[in-house]
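Engineer: Sharing a structure here in structure tokens format.
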Amino acid sequence: MKAWRASLLRFDDDGRAVFDTDGLLVTGPDAAGRRVVIAAGDHSALAPRFPGVPVTHLPGRILAPGFLDLHIHYPQTDVIGSPAEGLLPWLEHYTFPHEARFADAAYAADVATFFLDELARNGVTTALTFATSHPTSVNALFTEARQRGLRLITGKVLQDRHSPDGVRDQTEQSLIDTEALIQKWHGVDRLGYAITPRFAPSCSEAQLTGAGALAARYPDVWIQSHVSENLDEVRWARELFPASRSYLAVYDDHGLMRERAIYAHCIHFDDDDRALMRATGTAAAVSPTSNLFLGSGFFDYAGADRVGFRYGLASDVGGGTSFSPFHTMLAAYTVGRTTLEGRQTKPGLSLRPQHLWWQHTAGAARALGLQGIVGNLQPGCEADFIVLNPAATPLLARRTAQAQSLDELLFAMIVLGDDRLVEKTVISG
Ligand code: GUN
Ligand code: ZN
């Protein structure tokens, strides 16, 4: 067993933050040999129970669960900051030509290495990430993630139409490749596979039907896609699938909404869409820096909470502008305070600092069906955590020292934080 003594942040079952100013985190192997949290809480109460366990003392630091990124594209690491009028021109001019390079295994391995380094620098310990349509891109990322012992989920993108040469795949082969990748990687060490139709407009009926059949055959595999991000995209999807009630319903009509299905954006929804999310146990990956950068719109927090479906936070790099969960949480707060009409709203409970943080940790884990496994530091959780230095910059030091409550402390870090705040990222500590 090992222990760390510092301030300690974790979450209770209702998503409320629990904070020990002088805390102790004890880790050790479970019956299956995974490194998990054995105990977490106040130092003076816990320390006598663990005599002889070596303790790393980190005064002035905060231990917190590693962040989860619910939607990111590893092959778009080098697409960040490519400006376009909106989603569809951005895909055509920057994203598809860049993703074509991932047919090259050496190139994919190089980007995978950089990408995983960048996640770690930013305190992200688990990601649900797109690869590209090339199986090589999936193999490259899983290989690198496995070496690092990461809990990571990815999948080969399905896009057999409305996609240029170089990224377009073949319907039947794409489904054969997907199943082979599931069998090769899903459940190996901490890795998981996600069936990944890019978005309905890039997939034929036959490809979506095949993806849905795989989702039924492999119920503990994840599903990831995009929906209702941009008004032009919504119109296009409605034209292509006139029989479905809405863009979101296209996925339901093909068996692609269930627990462990995560859809990025979910902006232009009506209440029937929200009810469908809730009824199927599907979760939204809210991607505010991407939505602001591409001018897509604003996720409706009040609508999501009124109907009650699951959501968590995501960077959506390279539409998103930052790997940093702090930047994403701040953008979520900003977006949540503004309605489509530009009116200011009262910040609801979902925009409290501790709830924003939860949406990027334990709440994101719940969205993935991994609650109690990652995203928290309660006993039994896998021991992926970060060490934060709230005095990492002069302004952070000055501002956090004046925090009068936990919410004030968390908010100061959300507003002023970036990769400098993350002193260390520990995987299976
Ligand atoms: N919709 C289809 N593909 C993409 C993508 O790569 N990024 C975003 N943000 N939306 C998409
Ligand atoms: Zn995306």
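FYI, it's all coordinate maths here, none of it is from the lab. Given the structure is predicted, the values throughout are model-derived calculations rather than measurements. Cβ placement follows ideal geometry from the backbone for every residue including glycine, while neighbour counts extend to all protein chains displayed.
Engineer: For the chain, what's the relative contact order in percent, using C-alpha pairs closer than 8 Å and at least 6 residues apart? If you can, show how the numbers build up before the last one.
Structural biologist: Values: 981 pairs, mean separation 80.7, N = 429.
The normalised contact order for the chain reaches 19 percent.
Engineer: Where in the chain lies the longest segment free of GluC sites (Glu not before Pro) that are both loop residues by DSSP (not H, G, I, E, B) and have at most 16 other Cβ atoms within 10 Å? List each step's numbers first, then the result.
Structural biologist: Working: sites that count: 85, 259, 341.
The reported range is 86-258.
Engineer: Across the range 412-424, in residue order, what do the Karplus-derived ³J(HN,Hα) couplings come to in whole Hz, using 6.51 cos²θ - 1.76 cosθ + 1.60 with θ = phi - 60° and x for Gly and Pro?
Structural biologist: Karplus-based 3J(HN,Hα) across the range 412-424 equals 4, 6, 4, 6, 9, x, 7, 4, 5, 5, 8, 7, 7 Hz.
Engineer: Output the relative contact order of the range 135-196, whole-number percent, from Cα pairs under 8 angstrom with separation of 6+ residues. Don't skip to the answer; put the middle values down first.
Structural biologist: Working: 68 pairs, mean separation 26.6, N = 62.
Answer for the range 135-196 is 43 percent.
Engineer: To continue, here is another question. Whole-Hz Karplus ³J(HN,Hα) for the range 353-368, in order, using 6.51 cos²θ - 1.76 cosθ + 1.60 and θ = phi - 60°, x for Gly and Pro?
Structural biologist: For the range 353-368, the Karplus-derived couplings read x, 5, 7, 4, 5, 4, 4, 9, 10, 5, x, 5, 4, 4, 4, 7 Hz, x marking Gly and Pro.
Engineer: Evaluate the relative contact order of the range 38-181 (contact order divided by residue number), counting alpha-carbon pairs under 8 angstrom at least 6 apart; express in whole percent.
Structural biologist: On the way: 165 pairs, mean separation 32.4, N = 144.
Taking the mean separation of contacting Cα pairs over the length of the range 38-181, I get 23 percent.
Engineer: Expressed as a fraction of 2.2 N^0.38 Å, the rule-of-thumb size for a compact globular protein of N residues, what is the C-alpha radius of gyration of the range 288-393? Don't skip to the end; give the middle numbers.
Structural biologist: Values: Rg = 14.7 Å, N = 106, 2.2 N^0.38 = 12.9 Å.
Compactness ratio reported: 1.13.
Engineer: Once amide H atoms are built 1.01 Å from N in the peptide plane, which residues 5 or more positions from residue 360, or in another chain, come under 5 Å H to H?
Structural biologist: Residues meeting the amide H criterion: 313.
Engineer: When DSSP assigns beta bridges and you keep just the ones with both residues in the chain, what percent turn out antiparallel, to the nearest 5?
Structural biologist: On the way: 26 of 60 bridges.
Antiparallel bridges make up about 45 percent of those DSSP assigns within the chain.
Engineer: Return the sequence-ordered ³J(HN,Hα) values of the range 23-31 in whole Hz as given by the Karplus equation 6.51 cos²θ - 1.76 cosθ + 1.60 applied to θ = phi - 60°, using x for Gly and Pro.
Structural biologist: For the range 23-31, the Karplus-derived couplings read x, 9, 10, 10, 10, x, x, 8, 4 Hz, x marking Gly and Pro.
Engineer: Okay, moving on. Quick one: which residues, 5 or more positions from residue 264 or on another chain, have an amide H under 5 Å from its amide H? H modelled 1.01 Å from N in the peptide plane, none for Pro or chain starts.
Structural biologist: 225, 226, 227, 285
Engineer: Give the Debye-formula value of log10 I(q)/I(0) at each listed q (0.23, 0.26 Å⁻¹), with one equal scatterer per alpha carbon of the range 189-258, two decimals each.
Structural biologist: Treating every Cα as an identical point scatterer, log10 I(q)/I(0) equals -0.97, -1.18.
Engineer: How large is the dipole of the range 47-130 about the Cα centre if only Lys and Arg carry +1 and Asp and Glu carry -1, each at its Cβ, rounded to the nearest 20 debye?
Structural biologist: Values: 4 positive and 9 negative charges, 138 e Å.
My answer is approximately 660 debye.
Engineer: When 265, 93 are ordered from fewest to most other Cβ atoms inside 10 Å of their Cβ, what list results? Let's see the in-between values first.
Structural biologist: Details: 265 30, 93 14.
Lowest to highest Cβ neighbour count: 93, 265.
Engineer: Taking a quarter of the surface of the Cα convex hull of the range 1-160, what do you get in nm²?
Structural biologist: Values: hull surface 51.4 nm².
The directionally averaged projection comes out at 12.9 nm².
Engineer: Something else now. Return the tail of the calculated pair distribution for the range 1-82, meaning the percent of Cα-Cα pairs more than 15 Å apart. Present the calculation step by step, with values, prior to reporting the outcome.
Structural biologist: On the way: 2159 of 3321 pairs.
Of the Cα pairs, 65 percent sit more than 15 Å apart.
Engineer: If one puts a single equal scatterer on every Cα of the chain and applies the Debye formula without solvent, what log₁₀ I(q)/I(0) results at q = 0.13 Å⁻¹?
Structural biologist: -1.10
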